[in-house]
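Read through the structure below, which is laid out as structure tokens, and then see the notes.
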Amino acid sequence: MLDHLIRGATVVDGTGAPSYTADVGIRDGRIAVVAPPGTVTEEEAGTSEDATGLVLAPGFVDPHTHYDAQLFWDPYATPSLNHGVTTVAGGNCGFTLAPLHPGRPADADYTRRMMSKVEGMSLVALEEGAPWSWSSFGEYLDALEGRIAVNAGFMVGHCALRRYVMGEDAVGGQPTPAQLDEMLALFHEAMEAGAWGLSTTQSATHSDGDGKPVASRHAGPAELLALSRAVAAHEGTQIEAIVAGCLDQFSDAEIELLVAMSAEAGRPLNWNVLTIDAAVPERVPRQLIPSERAREAGGRIVALTMPILTPMNMSLGTFCALNLIPGWGEILGLPVPERIEKLRDPDVRAEMLRRAGSKEAGVFRRLAHFGRYVIGDTYSTANEGLTGRVVQDIAAERGQEPFACLIEICANDQLRTVLWPMPTDNDPASWALRAETWQHEDVLLGGSDAGAHLDRMCGAPYTTRFLGDCLRGRKLMGLEQAVKMLTDDPAQLFGLRERGRIEEGWHADLVLFDPERIDAGKATLVHDLPGDSPRLDSRAIGINAVWVNGVETIREDVVTGAVPGTVLRSGRDTRTVSTK
């Protein structure tokens, strides 16, 4: 007897092969049968549904999330699950909630403040929403087991390893030989418990709750290569790494480091995120040099890139991407009255604009076109009627320079004004370059950052928005190839066992959707985190149902209450993807 029968669906199986019509039966968490329509009777199933005209695809795999904390108060990993994502990779960018030193309770507070600053998570939600009951990485994984609705795997954050072994010296210090040995032993223990491998950051944008460079930024090549070699000792593991050049263009030293790390491990290394912009044609070739050199050295380096333009919610009153423009952080970090006074100074504004447009600003130069900002929520009578309007239009009416106009609007709201920058790379040439770049063997779709930067961006819906664009918009990819890029490709990168395809005997992670409707709704601010903290959310359009391990978790964009997900552990749930 089947648990459930999906009749007459258009099956897009994840391999890239042409779609076909079939009945798909689920039993005991697996795909029990894929058969021609009508050959499996309803009497052979406990429940069934007619899927005529609907597409049945494997559940989507998001290769870069930060759901490490959110899963404790939101086991459904919303809105990712709503948008068909059944498997998430967490523990990225060098940041994890474990291990925590049992003899230093203050380390948990340090970790919470770091995650709040560097990943834009609500500090109240972190404090109230997670139990913080673990010490080892294995205990952290155990705390999630049996209570989540998605499948989730986690890298070990380099910052947590350093903090556990070195304490406060992790920031600014170098490990002694004995401390490095202890760090390696702790790392081996985490991978034996099921960690997927190492995540680390050397990015200049990553600072802790005290404003200091996070711990892993102080690690030298020898430490990074020692950790990379440790990855090779465990089945089904790999590396995720961030360096400063990920945001624009790699330096020669960064290319050398990434190649060496992947080659030492003999495993794939992925990085986030490849920004594709026809106005900077030299970026993509430069960013793919590590991939070419890694293959020559016996490694593999994979660039993650987003197939959509993710809207960003900004303001001059809260920490956001604007703070990361060189020279802006010290001004935007001032108390609000002083900040407004500085921003109103023409000389200060001129210098800020110069720095924002300089080569050192890298990818953040994209944010410097202030006339193209759209005004979002406002909070003063002086700004009534401005919501939804473009700054350059308001500036023209007032006879002001756009940046000065934007400053005055924000000052009227005591800098609370919500700002939406219009993307500068939404042109046909950039989309053509994206379609070309996606074909590269070492480029993978992903990089949503779902679970992080919650009140500033909402990358989780990239799956549905991309498919909608492929089916009814730009049509840069055919449906079968688009589904493969969201399912089998990331599953193969991580070596997921029997996930990412619709195939008899494989895990029944499935998404049923209407090809005429699939899309993502507008990002809206909601207050549903612990402590009534805000986040951006987006409803899924055209997703009929989502199954995780054969159990229905979403029906018409509403969670069912089931929690059939599993913590995916290296070795047991992932196989080794060797690069040698």
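The values are calculated or read from the model by the stated rules, or taken from the named source; none is laboratory data. On a predicted model such as this, the values are computed, not experimentally measured, just so you know. Using ideal geometry, Cβ is built from the backbone for each residue, glycine included, and neighbour counts are taken over all protein chains shown. Ligands, DNA and RNA are excluded from the accessible area calculation, which covers all protein heavy atoms including side chains. Shrake-Rupley method; radii C 1.70, N 1.55, O 1.52, S 1.80 Å.
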Q) Can you spot a residue in segment 435-444 that is part of a helix (DSSP H, G or I) and either without any contact (Cβ under 8 Å) to a residue 12 or more places away in the chain or closer than 21 Å to Arg300 by Cβ (or both)? A) yes
Exactly one of Asp50, Asp13 is farther than 29 Å from Pro490 by Cα and touching a Lys or Arg at 6+ places or on another chain (Cβ under 6 Å), and that residue is Asp50
By residue number, the members of segment 505-552 that are open to solvent by 20 Å² or more (accessible area, probe 1.4 Å), in a loop (DSSP other than H, G, I, E, B) and among the charged types (D, E, K, R) are Asp514, Glu516, Arg517, Lys522, Asp528, Arg539
Going residue by residue through segment 303-321, is there one that turns out to be in a helix (DSSP H, G or I) and either of a type in the set (Asp, Glu) or farther than 25 Å from Cys458 by Cβ (or both)?
no
Only one of (1) open to solvent by less than 20 Å² (accessible area, probe 1.4 Å); (2) more than 24 Å from Gln492 (Cα to Cα) does not apply to Ala222, and that is (1)
The residue from Ala303, Ala321, Ala279 that alone is small (Gly, Ala, Ser), under 20 Å from the mean Cα position of the chain (by Cα) and modelled with pLDDT under 95 is Ala321
Residue set Tyr110, Tyr67; condition more than 18 Å from Val563 (Cα to Cα) and modelled with pLDDT of 95 or more; output residue Tyr110
Across segment 474-487, the tally of residues that are assigned to a loop (DSSP other than H, G, I, E, B) and open to solvent by 40 Å² or more (accessible area, probe 1.4 Å) stands at 4
The condition of being among the polar types (S, T, N, Q), under 21 Å from the mean Cα position of the chain (by Cα) and at pLDDT 95 or above holds, among Thr524, Thr553, Thr487, only for Thr487
- prompt: When you look at Asp68, is it more than 14 Å from the chain's Cα centre (by Cα), charged (D, E, K, R) and crowded, with 21+ Cβ neighbours inside 10 Å, yes or no?
  reply: no
Per the filter on segment 71-80, residues out of contact with any Pro (no Cβ under 9 Å at 6 or more places or on another chain) and open to solvent by less than 10 Å² (accessible area, probe 1.4 Å) are Leu71, Ala77
So for segment 407-416 (the condition being among the acidic types (Asp, Glu), surrounded by fewer than 16 Cβ atoms within 10 Å (Cβ to Cβ) and modelled with pLDDT of 95 or more), does at least one residue qualify?
no
Residue hits (segment 243-253; of a type outside the set (Gly, Ala, Ser), over 16 Å from His158 (Cβ atoms) and either part of a loop (DSSP other than H, G, I, E, B) or in contact (Cβ under 8 Å) with a residue 40 or more places away in the chain (or both)) are Leu247, Asp248, Gln249, Phe250
Open item on the list: Please determine whether any residue of segment 562-580 is without any contact (Cβ under 8 Å) to a residue 40 or more places away in the chain and open to solvent by 30 Å² or more (accessible area, probe 1.4 Å).
Closed with: no
For this session: Please tell me if Asp427 is touching a residue at least 12 places away in the same chain (Cβ under 8 Å) and more than 30 Å from Ser203 (Cα to Cα).
Result: no
(request) Test Arg497 against the stated conditions and say whether it is surrounded by fewer than 22 Cβ atoms within 10 Å (Cβ to Cβ), farther than 29 Å from Leu479 by Cβ, of a type in the set (Lys, Arg) and at pLDDT 95 or above. (result) no
Flagged in segment 356-368 as closer than 20 Å to Ser251 by Cβ and in contact with a Gly (Cβ under 7 Å, 6 or more places away or on another chain), in numbering order, are Arg365
(message) Considering only segment 377-389, I want to know if a residue exists there that is modelled with pLDDT of 95 or more, closer than 30 Å to Cys246 by Cβ and touching a helix residue (DSSP H, G or I) at 6+ places or on another chain (Cβ under 8 Å).
(response) no
Output for Cβ contacts, cut-off 8 Å, separation at least six or different chains, first residue outside any loop (DSSP other than H, G, I, E, B) in segment 488-503, second surrounded by fewer than 22 Cβ atoms within 10 Å (Cβ to Cβ) and hydrophobic (A, V, I, L, M, F, W, C), reads Gln492/Val577; Leu493/Val577; Phe494/Val577
Expected single match for buried (at least 20 other Cβ atoms within 10 Å of the Cβ), at pLDDT 95 or above and small (Gly, Ala, Ser) among Ala404, Ala395, Ala429 is Ala395
Practice item. Return a yes/no flag: does segment 294-312 have any residue that is touching a residue at least 24 places away in the same chain (Cβ under 8 Å) and closer than 20 Å to Pro402 by Cα. Key: yes
Looking for something open to solvent by 20 Å² or more (accessible area, probe 1.4 Å), within 18 Å of Gly197 (Cβ to Cβ), assigned to a helix (DSSP H, G or I) and without any contact (Cβ under 8 Å) to a residue 40 or more places away in the chain - is there at least one such residue anywhere in segment 258-269? yes
The strands (runs of 3 or more DSSP E) lying wholly within segment 14-73 that contain at least 3 residues that are free of Cβ contacts under 8 Å to residues at least 40 places away in the same chain are 20-27
